[in-house]
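Right, one structure below, let's go through it.
Each value in this text was obtained by applying a stated rule to the coordinates, not by laboratory testing. As the structure is a prediction and not an experimental result, all values here were calculated from the model. Note that we place each Cβ from the backbone using ideal geometry, even for glycine, and neighbour counts take in every protein chain shown.
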Amino acid sequence: MSPPAKPATAGELRKVAVYLDEDTDTALEAIRYAGTTRRPRLDVSKSAVVRLALERLLAELSHEEVVAAVAARPIDSQSTGRKRR
């Protein structure tokens, strides 16, 4: 097994797709709103919140522990895979 890819250096961002459920997306919108209503105003993007969450997750858990945590979650067969026509 090859080692994980080297993380991008600070300021070097690349576009990736992230799929979120409605509750998570709503929470990110609430965080963004909280940033715009504070003084001084802060534009808190969803991407910035996801990056912060991943930084904290990886500071707390190893790659193997993240995989185990994801594997332990129940799988919703209705929301995974390609939709049938």
Check: Assigning unit charges at the beta carbon (Lys, Arg +1; Asp, Glu -1) and nothing else, what dipole magnitude in debye, to the nearest 20, does region 22-72 show about its Cα centre?
Finding: 480
Item checked: Ranking of I31, I75 by count of other Cβ atoms within 10 Å, fewest first -> I75, I31
Next item on the list: Work out the FRET efficiency for R39 and Y19 from their Cβ-Cβ distance, taking R0 = 41 Å, and round it to the nearest 0.05.
Entry: 0.75
Next item on the list: Give the share of C-alpha pairs in each 10 angstrom bin for region 13-63, from 0 to the last occupied bin, in whole percents, shortest bins first.
Entry: 22, 45, 30, 3
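For an R0 of 22 angstrom, estimate the FRET efficiency from the Cβ-Cβ distance between V70 and E12 and round to the nearest 0.05.
The pair V70/E12 has a calculated efficiency of 0.25.
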